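Notes to accompany the following structure.
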Amino acid sequence: MSKPRVAVIGAGASGLAALKQCLEEKLDVVCFDQEPQVGGLWRYVPHGGDETHSSVYMSTIINTSKEMMSFSDFPAPKDWPTFLPHRFVVKYLNLYCDHFDLRKHIKFNRKVISLSPEIGPEGSHTGRWEVVTQKVRRKQPAAAIPQNPRRTARSPAPCPPPTGTVVPPAVDGRRALSPVRGRSPAPSSDSLAAPQPSPRGRSRMYSPIREYDPSVGYEPVDRSASVSPREPGVLSPPSSPSGSDHSSLRPFSPTRRKRRGKTRSRSHQPAKSKCETFDYVIVATGHHWKPRLPDFEGVDTFKGSMMHSHSYKVPYPFKDQRVLIIGIGNSGADIATELSHHAKQVILSARSGTWILPRFSLFGIPLDHLSSRIAHALPRPLTNFAFETAMRLQNGDLGRYGLKPDHHIFEAHPTINGHVLDRIASGKVLVRPNIAKFTEGNKVEFEDGTSETIDTVVYCTGYRIEHPFLDNALAILGQERTDSNRVRLYKNVFPIRHRNLAFVGLVQPIGAVMPVSEMQARWVSRVFAGHCKLPDSKSLRDAVDLEWQEHTKRFVPKERHTVEVEYVTYMDDLADLIGCKPDAWKLFKARDVILAAQIMFGPAVPTQYRLLGPGSWEGARQAIADACEGFDFRKVVGYKAVEKLREEGGKENEKSGGSTKENGNGKGADSPVV
């Protein structure tokens, strides 16, 4: 029998995990991505604004520690920072892709424009899916920068270097921050005399204004790799799905100039589409690309500039401006903090308060390392009280900053930021309530009666869940209307009406999303391979309704939290379906006391789900121990108790005559492992 064909849409973190798991289940899988490289939303593109699919800005740093955000069988390198900048995240995804040899199964520069059921000769659904893709047309890589970019027609051409002379590259200190840890070689005396390219000769698309050069703050993108070797001859820029919902915003371009002369006409052939049929489809495009824009009174009369955080890249163009940030989520707090060092004044409009959490706890360890199994096993009121008390001790009363939350700490997605409160306290960021209306000119009135003169508005208001390529998306996702973010999916993965279609990464956990996507992919691949079964249609529908009822009791009823889940609870739920949930009590009874303590009291790292069951990994034990280096578990379980168990195990072996079968580790099957 031929292998079932599986299509994975998206080569970001979720798509790579889905591709890897399908390959492990011996499925015939192919991945489509409209970008030229892997990385998805984590790939920073320094230009393009609304024309690029990337939504990270230059200073983006992940909010979860590397131990908690790594895939379960591929820990991040130990010498990397605890909280990774976006460059490291992309480097990690590329290492993951190469380690498991995934790149050859990815078709880059192929945009999925349609996903619809295959219709048979009798007009009924055959049970398979038709995926229509189109080649993305991109510009060819830019030519090398000339040695004298300011040379006029009358000036002589520069003399070429002598034959055999190698002009070394300029020294770039930013390489010290690169994940490859490689520094550029120091220039020799000969190379200092060689002419170097002038930074002013670079294309203007790199710099929003002439006085600043944002390229000095990021690792340059490899232009030679912008054309996929699988798809040669790609010439024109792509159309991004995010470019269809910015009609109400005026793009921010402080120094945009009209191009003189005639515009070049492009006479390229239209991109040809290709239709393929698949037995199963995994949609792994996520939901962080379609900006969600609130509607305020008088917004059409506002004379200033407007943009969404999706288009924000660098803070330099906002110098000496009065900037209004709408939203107090992670993006709003990060952008407000960064702009407070460049803008004349930053005003932060918060419709409601929120919990501001630092990256590190009072104990000097990453805050997400306190998310242990024992913490989730405690009653919810007790857990809320403990964490809220710790945050009040660390940050004080958030009410004096104008950000007092009206909900408990785990009832909504918290804001991870360690500096925004300092900027508010110093007056660099002014907190205002929700916007009442925009007035003519540059005035903005707030609900407390105050008003501010604003030059630029940045919407940090989140994203809408939308899949433009999906035929009849409302019915498949079970959405009530187009502007609703509530979806009806079993375990946030499977639609009610389709068992051969799955959504991976369409979830927002209180914690890291990458291991959650991986756990979803492990379950989906086993369902597609026939190792796991889904309930019948009626049970599936009842389970979705019950899940939504529980969801409304746990989280704040807002559009931002419709796909919110608790990390440990949700991971354990999926692990039960796969058969890989760790059992601390079983380990304790087997006298594996240290590992049992690490699982119960240590950080709930994803590697715990590789100890046993399908997909178990022999390096899981050591990876868990590495993640728990900051905890002394001998004190937790009692060192004397451990030694006592050792003695008891030795006495039992002596009574049995010492004839014990050896296990895979070369130790007796009944001997204690501590």
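Readers should treat all values here as calculations from the given coordinates under stated rules, not as data from a laboratory. Because the structure is a prediction, the values reported are computed rather than measured. Heads up, the Cβs are rebuilt from the backbone with ideal geometry, glycines too, and the neighbour counts pull from every protein chain shown.
Among Val568, Val593, what is the fewest-to-most ranking by other Cβ atoms within 10 Å?
Exposure proxy ranking, most exposed first: Val568, Val593.
Counting other beta carbons within 10 Å of each residue's own, what order do Leu339, Leu362, Leu115 fall into, fewest first?
Arranged by neighbour count, lowest to highest, Leu339, Leu362, Leu115 become Leu362, Leu115, Leu339.
Subtracting the Cα-Cα distance from 0.36 nm times the residue separation, let me have the gained length for Val556 to Asp295 in nm, one decimal. List each step's numbers first, then the result.
Values: separation 261, 0.36 × 261 = 93.96 nm, distance 2.15 nm.
91.8 nm is the gain from fully extending Val556 to Asp295.
Obtain the nm distance between the two label points defined at Cys275 and Trp585 by a simple spin-label model: each point lies 7 Å from its Cα along the Cα-to-C-beta direction.
5.6 nm
Arrange Trp523, Trp80 by Cβ neighbour counts within 10 Å, fewest through most, would you?
Exposure proxy ranking, most exposed first: Trp80, Trp523.
Which FRET efficiency, nearest 0.05, do Lys538 and Ala475 yield, Cβ-Cβ r, R0 22 Å?
Efficiency at R0 = 22 Å is approximately 0.75.
Quick one: give the max-minus-min coordinate of the C-alpha atoms of region 56-102 along each principal axis, largest first, in Å.
Taking the Cα atoms of region 56-102, the three principal extents are 30, 19, 16 Å.
How high is the FRET efficiency between Leu378 and Asp626 when r is their beta carbon distance and R₀ equals 30 Å, given to the nearest 0.05?
Working: r = 26 Å, r/R0 = 0.88.
Efficiency at R0 = 30 Å is approximately 0.70.
Roughly how many nanometres apart are two label points built 7 Å out from the Cα toward the Cβ at Leu362 and Asp98?
4.5 nm
Given the convex hull over the Cα atoms of region 299-459, what projected area results after averaging over all orientations, in nm²?
10.2 nm²
Around Ser616, with a cut-off of 11 angstrom between Cβ atoms, what is the net charge of the other residues, counting Lys and Arg +1 and Asp and Glu -1? Intermediate values should be presented prior to the final figure.
Working: positive: Arg610, Arg621; negative: Asp73, Glu618.
Local charge sum for Ser616: 0.
Given just the C-alpha atoms of region 493-571, how large is their convex hull per residue in cubic angstrom?
Roughly 96 Å³ of hull volume per residue.
What pairs from Lys3/Lys107; Lys3/Lys274; Lys290/Lys538; Lys20/Lys581 go past 24 Å between their alpha carbons?
Where the Cα-Cα span goes over 24 Å, the pairs concerned are Lys290/Lys538.
Once you put a point 7 Å from the Cα of Ser124 and another 7 Å from the Cα of His531, both along the Cβ direction, what distance in nm separates them?
3.3 nm
Between Asp28 and Ser116, what FRET efficiency comes out of the Förster formula 1/(1 + (r/R0)^6) with R0 = 22 Å and r the beta carbon distance, rounded to 0.05?
My answer for the efficiency is 0.60.
Just how many pairs of Lys in region 299-459 have C-alpha atoms closer than 17 Å, counting pairs that are eight or more places apart or on different chains?
Close lysine pairs found across region 299-459: 6.
Got a sec to turn the phi values of region 339-344 into Karplus ³J(HN,Hα) couplings, 6.51 cos²θ - 1.76 cosθ + 1.60 with θ = phi - 60°, whole Hz, x for Gly and Pro?
Result, rounded to whole Hz: 5, 5, 8, 10, 6, 5.
Return the long-range amide H neighbours of Val457 (sequence gap of 5 or more, or a different chain), with a cut-off of under 5 Å between placed amide H atoms.
Sorted by chain and number, the residues that satisfy this are Ser305, Met306, Met307, Leu324.
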